[in-house]
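These notes concern the structure reproduced below.
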């Protein structure tokens, strides 16, 4: 009430509250719900690096001492499994634009488009079907954290269900998955395996409740999207004229444009933000809301480690950046930690300093020298807290390039056939309603 401007109000909030969750709790206790809409503005602040955490030894110490590790993952953990990415120049969205001639590639995952004609999705879904892929060393590393009772939660942006195949139980599939499917008409839910044959045969999956177990459609992928199954009973035929093209369709429970994120994402996150003692980000662009906002919601004193091919997350800062192929990085970590479950290939490389490798050379030439050292089997350390492993990514100018944004993003909706940047988020992660979250 004493603040004369929004600037004063923001300064007061940032002085009094460390996180958006603390302000949200205060609003619920004291009233002032009008502040909810301004929550992102009032509490937006980048995460700053903790000065005392800089080295691989520090990282190993944190892994050993932490018991509530929150892991955020994206497509980088599944790349070595052979799963196609979404938003690179050769990814799924680019292919959809070329091969399916859609007005926008993202229409394949647009709920309105699906309701009007579900056949394009079922023509394509077999390429994403998780039964074709196996967990990677990164998945097994996360499973190892859980086995050692260290994993608080794995928030995965992927829809491939490889976390479940790796027996990771404490996982939230933020964008849903193929694990289950739900009828768009009556809400009947089935296991993913129940629609596997339909997916693999490029056939629209039909609900056994709406159509009857022995009345399921056997429409081929080439038939018109609005054609109704000729085998419908007389009772069903009487109401056929009023059916939409998607009547009785079993849609896999992945989040499309216009759909809400799973409610348990928000309920779990609220609790996890109170307990987390280490954040580890693996294989993600951190550009897809609301997962991209989690790092900024964590208490400032909680350490954060990045495992990725390139630097991401700006303006947030990580305490240590382990840049390279994610599988290679976790292999090195397992060697240093003395962890070996037989599923993560353990490796040990010689550590060199960037100063020794570059001999004072800077710019593109210095980057090439670092790349050469890494290719020769070394891990290169650059002050104050960056390590380069096999597979790290730099552009021609010698700067670490942006992530190609490979993880599934139901919130990106660009007309560009190659690059699909996300919309800027306008809601705090913890304050988001499910309706807001679905728009991302």
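Please treat every number below as a calculation from the coordinates, not as lab data. The structure presented is a predicted model; accordingly, all values stated were derived computationally and were not measured. Neighbour counts are summed over all protein chains in view; Cβ atoms, including those assigned to glycine, are modelled from backbone coordinates with ideal geometry.
Placing R0 at 45 angstrom, the Cβ-Cβ distance between residue 202 and residue 270 gives a FRET efficiency of 0.65 after rounding to 0.05. Highest mean packing first, where packing is the average number of other Cβ atoms within 10 Å per residue, the peptides 286-296, 332-342, 164-174 line up as 286-296, 164-174, 332-342.
If R0 equals 35 Å, the separation of the Cβ atoms of residue 57 and residue 169 corresponds to a calculated FRET efficiency of about 0.70.
The protection proxy used here, the mean number of other Cβ atoms lying within 10 Å of each residue, ranks peptides 308-317, 363-372 as follows, highest first: 308-317, 363-372. One decimal place: the segment residue 375-residue 117 gains 88.0 nm when fully extended, by the rule 0.36 nm per residue minus the C-alpha distance.
Each of the peptides 65-76, 200-211 was scored by the mean count of other Cβ atoms within 10 Å over its residues; in descending order, highest first, they stand as 65-76, 200-211. Computed from the C-beta positions of residue 147 and residue 351, the FRET efficiency with R₀ = 41 Å rounds to 0.90. Extension gain, residue 64-residue 27: 0.36 nm per intervening residue step, less the Cα-Cα distance, totals 9.6 nm.
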